[in-house]
1. Of everything in the range 185-215, what is loosely packed, with under 14 Cβ neighbours inside 10 Å and either assigned to a loop (DSSP other than H, G, I, E, B) or among the hydroxyl-bearing types (S, T, Y) (or both)? Give them in sequence order.
2. Looking at the range 81-99, which of its residues are surrounded by 13 or more Cβ atoms within 10 Å (Cβ to Cβ) and assigned to a loop (DSSP other than H, G, I, E, B)?
3. So, in the range 50-73, of the ones that are in a strand (DSSP E or B), at pLDDT 95 or above and out of contact with any helix residue (DSSP H, G or I) (no Cβ under 6 Å at 6 or more places or on another chain), which residue ends up nearest to Q104 (Cα to Cα)?
4. Test Y58 against the criterion of being touching a residue at least 24 places away in the same chain (Cβ under 8 Å), closer than 30 Å to T214 by Cβ and touching a strand residue (DSSP E or B) at 6+ places or on another chain (Cβ under 7 Å), and give yes or no.
5. If I ask for residues that are of a type in the set (K, R) and free of Cβ contacts under 8 Å to residues at least 60 places away in the same chain, which ones from the range 1-32 would you list?
6. Scan the range 193-200 and give yes if some residue there is under 18 Å from T142 (Cβ atoms) and outside the structural domain of M9 (by TED's automatic domain parsing), otherwise no.
7. Can you find even one residue in the range 74-92 that is of a type in the set (V, I, T), within 23 Å of H218 (Cα to Cα) and at pLDDT 95 or above?
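The values are calculated or read from the model by the stated rules, or taken from the named source; none is laboratory data. Just so you know, these numbers come straight off a predicted model, no measurement behind them. Positions of Cβ are generated from backbone atoms using ideal geometry, with glycine treated the same way; all protein chains shown enter the neighbour counts.
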Amino acid sequence: MTVLDVSRMNSIRETAARASADNDNNPNGWSQSIADPMKMLACFPALQIKSGYILRAYQFKEGGNGNGFVWAMPIDADFPQPEDCPTQVGRFLRPPKPPQSLDQLMDAIEGDDTPWSYFSASIFSREASEFGAMWHGCQWSTHSLLGTDPWQCDPDAKDRRKRQALASGKADEWTWNADRPETWGPTYSEQGDIVTITFHTFSGLAQESIFRFTDTFHKGRFNFATQEETIALGPHGYIF
């Protein structure tokens, strides 16, 4: 098992979030995204787009809320206006889907096959799912990646976010649905041709929660199956 650098990934997440900031300037309703999702992918140096493909996005905005949808498609394929696309019936906001786009974004992503590349794929996929998200459209962006338990803090830390604990109260005051992790930081392991990335997050949205994500890859491929567990619930939370 290899423990991966959560601080490095937190820095990448901050840079990736800025890559979709231009979507604040999109009009209300559906439109082609002003922000370029390829710039978000470029924030993850262990990953790249497969030859012959490109990432494009649509943006929805209404009343300060927003959601973007990123599609992988052949680089020479037409990228029509939203009103000229079939919509994804049954999905939230019925996003437009370009006719030649792939069903799975990550099928167009490849990496350098290092442990870091698989962790990068796990996080990039989730960042892309919130490309252009605003206000009530935000969910994943409320999750903090954990490298230590969320009750630890360092009052002298240069990073102000580390000067106070993420989680309120004491750990034994929380409701635990699983044993406390022995390793809080993200880990990489492999068995045969199966790669597993495991990481923990904290979010205070609605109710303070600690989550465990377990992503399973076939080695050399960067699409993955995921399992999400809520391993602990705290006494407080927030809404926006």
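1. Those that are loosely packed, with under 14 Cβ neighbours inside 10 Å and either assigned to a loop (DSSP other than H, G, I, E, B) or among the hydroxyl-bearing types (S, T, Y) (or both): S189, G192, D193, A206.
2. C85, Q88, L93, R94, P95, K97, P98
3. Residue satisfying both the conditions and the ranking: W71.
4. Spelling it out, it is not the case that Y58 is touching a residue at least 24 places away in the same chain (Cβ under 8 Å), closer than 30 Å to T214 by Cβ and touching a strand residue (DSSP E or B) at 6+ places or on another chain (Cβ under 7 Å).
5. Correct list: R8, R18.
6. yes
7. No, the range 74-92 contains no residue that is of a type in the set (V, I, T), within 23 Å of H218 (Cα to Cα) and at pLDDT 95 or above.
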